[in-house]
1. What distance in nm lies between label points placed 7 Å from Cα along the C-beta direction at I235 and R210?
2. What fraction, in whole percent, of alpha-carbon pairs in the stretch 1-115 exceed 18 Å separation?
3. How large, in percent, is the carbon and sulfur part of the accessible surface of the stretch 37-122 at a probe radius of 1.4 Å?
4. Fully extended, how many nm does the chain gain between N72 and T243 (0.36 nm per residue separation, minus their Cα-Cα distance)?
5. Using 0.36 nm per residue of separation minus the Cα-Cα distance, give me the extension gain between R174 and R129 in nm, one decimal.
6. Could you order peptides 221-228, 84-91, 112-119 by the average number of other Cβ atoms within 10 Å of their residues, highest first?
7. Test of understanding: what is the full-extension gain from S100 to R34, defined as 0.36 nm times their sequence separation minus their Cα-Cα distance?
8. Just the number please: accessible area per residue for the stretch 12-162, 1.4 Å probe, all protein chains included, in Å².
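The values are calculated or read from the model by the stated rules, or taken from the named source; none is laboratory data. Source: prediction; values computed, not measured. Cβ placement follows ideal geometry from the backbone for every residue including glycine, while neighbour counts extend to all protein chains displayed. Heavy atoms of the whole protein, side chains included, go into the accessibility calculation; ligands, DNA and RNA do not. Shrake-Rupley method; radii C 1.70, N 1.55, O 1.52, S 1.80 Å.
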Amino acid sequence: MIKNVLITGASSGLGKDFAYLYAEKGHNLVLTARREGNLKSIANDLVKKYNIIVLIVSADLGRQDSPSKIFNFCEENNTKIDILVNNAGYGLTGEFDKLSWESHNAFINVLTTSAIVLTRLFLPDMIDRKYGRIINVSSVAAFAPFTNSGGMYIATKLMILKFSEMIHYEYKSRNIYSCAVCPGFTHTEFHKDMKEFKSSIPSFMWMDSRKVVNQAYEASMAGKEIIINGWVNKILVFFMKITPKWLVKLRSN
């Protein structure tokens, strides 16, 4: 049966790959991101290749009113969302006190608040139709015991992981499954300007974006609550879980 799929951060990276995967499955799409030009190009290609309906709505999820804008867009186009992919995200570096509150606020909105609000907005219709699949892109970083840097990134990914688990357990009896996807290093635009960093990470730790998306899709459709992508990341998470915080802090001093 054809479903309607909403994908955030759909203009590149994992979001773009999610769009192509669901299009190949024959589902109709609502794609959202900031870059309207990219969305139009992707939408035109998907319609041409797969003969599906693709709607686009340009929105900056760093703004608190954007989730409502997206929801209202779907309502105005009589599009009920069956599958929600909360994928939008980016990295933010720098010392906490050196970054402006505006930067922090936008970051939190994109990585956590928008996903929570969109889920809340679209969930009632999923409940009424007794069907829903929600994918929340978290990260293996959510399992980190402690860190001296990137703390906001890890904090947001942990929040989205726990939020996703809550939704899954609360609504799985109503045929609504929420899956937290936890990739590690993945070849996307996320690291495109970090060449020195990328070269410092062993090649075996990197995963292909489309492979991550395929695994996320399969896990979601199977009703799984969490997927850690790749055997390397599964091993990494295992050691993260058993490593005492005091030992990590000691090493970082």
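1. 2.7 nm
2. Values: 3239 of 6555 pairs.
Here the tail beyond 18 Å accounts for 49 percent of pairs.
3. On the way: 2230 of 4500 Å².
Solvent-exposed carbon and sulfur of the stretch 37-122 make up 50 percent of the total.
4. Working: separation 171, 0.36 × 171 = 61.56 nm, distance 4.56 nm.
Length gained, N72 through T243: 57.0 nm.
5. Working: separation 45, 0.36 × 45 = 16.20 nm, distance 0.94 nm.
Difference between extended and current length: 15.3 nm.
6. Numbers: 221-228: 16.9, 84-91: 24.2, 112-119: 22.5.
The peptides rank, most packed first, as 84-91, 112-119, 221-228.
7. Working: separation 66, 0.36 × 66 = 23.76 nm, distance 2.12 nm.
Gain on stretching S100 to R34: 21.6 nm.
8. Details: 6990 Å² over 151 residues.
Using a 1.4 Å probe on heavy atoms only, each residue of the stretch 12-162 averages 46 Å².
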